[in-house]
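Computed from the coordinates by the stated procedures, all read-outs in this text should not be read as laboratory data. Everything quoted here is computed from the prediction, not taken from an experiment. All Cβ positions, glycine included, derive from the backbone under ideal geometry; neighbour counts span all protein chains shown.
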Amino acid sequence: MEFRNRDIISIKDFTKDEILYVLKTAKKLESRPNPSLMKGRVMASLFFEPSTRTRLSFESAMTRLGGQVIGFSEPGNTSLKKGETLWDTIKMAEQYADVIVMRHPVEGAARLAAEASGVPIINGGDGANQHPTQTLLDLYTIQKAKGKIDGLNIGFLGDLKYGRTVHSLSTALTHFNSTLYLISPEALKMPESYTEELDRKKVKYHEESDLMKVIGKLDVLYATRIQKERFPDPMEYKKYAGVYKLDKSMLPHFKPTLKIMHPLPRVDEIHPELDNTPHALYFEQAGNGITVRQALLALVTGRIK
Amino acid sequence: MTGKTLKISAIMDGTVIDHISAANTFRVAEILNIKGSANVVTVGMNLESKSLGKKGLIKIGGRFLTKQEVDTIALFAPEASINIIKNFEVTKKFRVEVPDTINGIIKCANPNCITNAERTKTNFHVLDKNPLKIKCHYCERVIGKENIELI
């Protein structure tokens with residue numbers, strides 16, 4: 001499968017086979033680490049918007065493969081302040097690097113950057129639109145923990161309306177034969193454009209506001225933070241904040257094999273007392289980000305075929 | 001039927017846009033920018049039509065439309081038909097058709113789309129032709145007919 005020079009912009013660009021190929025490559029790299037795979041290669045890390053986790057994860061991935069990292073972590077000190085266009089910034093960066101990882105607050109920025117760039121672009125998030133490497137690491141985490149992605153009962157919990165990770169993961173899961181449980185308050189339900197897609201692809205799903213009604217069925221529970229910044233009215237936020245809290249009192253209702261995931265950062269949706277139970281998968285999930293990003297870096301630069 | 005033929009044959013060379021749903025007549029006139037035109041133009045509104053009830057019709061003498069103009073008309077008046085007139089004869093007649101991709105004609109309705117932040121040509125993929133539903137190539141936002149705006 002040819003990934004060399006390919007841009008990673010949107011999970012919607014991936015076929016099922018391509019997703020599985022990335023996961024397979026990640027698995028290989030995890031079992032046989034290669035600390036000099038990217039030796040002599042440079043990754044430009046262009047963060048037009050701050051992001052601790054994604055940036056550190058990419059930079060760590062590249063460094064652990066023996067590559068070098070250049071870039072900026074916020075646009076404050078760059079020529080963007082002088083009015084340089086994204087197009088020109090990318091044209092400059094492609095001269096300096098073998099691969100460009102970018103995050104940008106404006107939707108579609110990564111797709112445009114890919115048109116400007118001769119070296120591969122990896123989208124580390126473009127506004128509310130896409131964050132494909134998060135989705136791939138989520139899938140990798142499910143596959144690693146469960147041995148499969150098909151035939152599972154996967155719950156999504158919390159803010160399904162604005163949660164970008166939920167939207168992308170549910171889109172990716174349309175390739176697999178799992179059943180989705182969409183658990184949220186009425187006001188934060190999954191937007192119709194996504195449930196329509198589930199319908200179109202004949203994915204089985206249930207919408208539910210009461211977590212306790214379905215918790216016992218779940219193999220995987222993907223919890224999300226209800227994002228304060230999405231609510232113009234703090235009263236409205238208060239109404240929904242903390243509506244779902246996972247803690248030890250729920251343990252008797254969990255399947256013994258239930259795995260809890262979360263894209264992090266969490267607020268109070270998952271009590272820290274669950275961190276040391278076999279259900280907690282969220283920190284491992286963050287760790288898997290390194291592996292999956294290593295696989296992507298190696299694939300798009302042609303270091304792994 | 002004879003009345004319609006008469007209208008169409010009234011210009012020597014040019015284009016007749018027929019079967020515009022009445023409400024969209026001025027929209028189509030706007031797309032063709034006939035306001036500033038020096039050509040002979042006739043605009044008919046609320047004419048009787050078997051298929052549409054009421055229809056609009058625009059005749060422009062001495063002008064043939066570009067593909068982009070025809071595609072744009074299709075977005076706002078998908079039922080319209082185009083008659084090309086040469087030497088008083090209808091030499092070609094066709095229904096407009098919504099293309100599979102729309103380049104550079106319309107604006108993305110998402111204010112946070114890169115095409116609104118940086119000067120770049122817009123590009124949309126048509127998901128449904130009727131009712132029209134399109135997806136921005138860049139920000140991936142799905143836009144319905146009611147939010148479609150010309151650049």
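Computed values, structure above
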{"read-out": "Whole-Hz ³J(HN,Hα) from phi, Karplus 6.51 cos²θ - 1.76 cosθ + 1.60, for the range A:21-30, glycine and proline x", "value": "5, 4, 5, 5, 5, 4, 4, 4, 5, 6"}
{"read-out": "Inter-probe distance in nm under a simple model that places probes 7 Å from Cα toward Cβ, at A:Glu2 and A:Lys91", "value": "2.8 nm"}
{"read-out": "Within straight-line cross-link reach of A:Lys239, aspartates and glutamates at Cα separation under 17 Å, skipping those fewer than 8 residues along the same chain", "value": "A:Asp159, A:Glu186, A:Asp210, A:Glu229, A:Asp268, A:Glu269"}
{"read-out": "For a label point 7 Å along the Cα-to-beta-carbon line of B:Lys86, residues of the range B:32-64 with backbone N under 16 Å", "value": "B:62-64"}
{"read-out": "Of A:Lys204/A:Lys255; B:Lys50/B:Lys86; A:Lys12/A:Lys161; B:Lys35/B:Lys67; B:Lys59/B:Lys135, pairs whose Cα-Cα distance is over 22 Å", "value": "B:Lys50/B:Lys86; B:Lys59/B:Lys135"}
{"read-out": "Spherically averaged projected area in nm², based on the convex hull that wraps the Cα atoms of chain B", "value": "9.1 nm²"}
{"read-out": "Per residue Cα convex hull volume in Å³ - calculated over the range A:200-254", "value": "128 Å³"}
{"read-out": "Kirkwood Rh, angstrom, the range A:111-210 [1 / mean 1/r, Cα pairs]", "value": "14.6 Å"}
{"read-out": "A:Asp88, A:Asp233 arranged by Cβ crowding within 10 Å, fewest neighbours leading", "value": "A:Asp233, A:Asp88"}
{"read-out": "Candidates B:Glu97, B:Glu79, B:Glu118, ranked by Gaussian network fluctuation over chain B, Cα under 10 Å, top entry", "value": "B:Glu118"}
{"read-out": "Candidates B:Pro99, B:Pro131, B:Pro78, ranked by Gaussian network fluctuation over chain B, Cα under 10 Å, top entry", "value": "B:Pro131"}
{"read-out": "With Cα atoms, 0 to 90° folded angle of helix A:164-173 axis to chain A main axis", "value": "80 degrees"}
{"read-out": "Estimated [θ] at 222 nm from DSSP helical runs (n ≥ 4, -39500 (n - 2.57)) normalised by residues in the protein assembly as shown, nearest 500", "value": "-9000 deg cm²/dmol"}
{"read-out": "Calculated FRET efficiency for the pair B:Thr42/A:Glu18, C-beta based, R₀ 60 Å, to 0.05", "value": "0.60"}
{"read-out": "Coordinate range along principal axes, alpha carbons of the range A:132-286, Å, largest first", "value": "42, 38, 30"}
{"read-out": "Pairwise label distance in nanometres, B:Val126 with A:Leu56, each label 7 Å out on the Cα-Cβ vector", "value": "4.9 nm"}
{"read-out": "Label point distance in nm, B:Glu146-A:Leu251, each placed 7 Å from Cα along Cα→Cβ", "value": "5.2 nm"}
{"read-out": "Hydrodynamic radius by Kirkwood, which averages 1/r over all alpha carbon pairs of the protein assembly as shown, in angstrom", "value": "25.0 Å"}
{"read-out": "Cα-centred dipole magnitude for the protein assembly as shown, charges only on beta-carbon of K, R (+1) and D, E (-1), debye, nearest 20", "value": "760 debye"}
{"read-out": "Choice from B:Ile85, B:Ile114, B:Ile34 with maximal GNM fluctuation in chain B (Cα, 10 Å cutoff)", "value": "B:Ile114"}
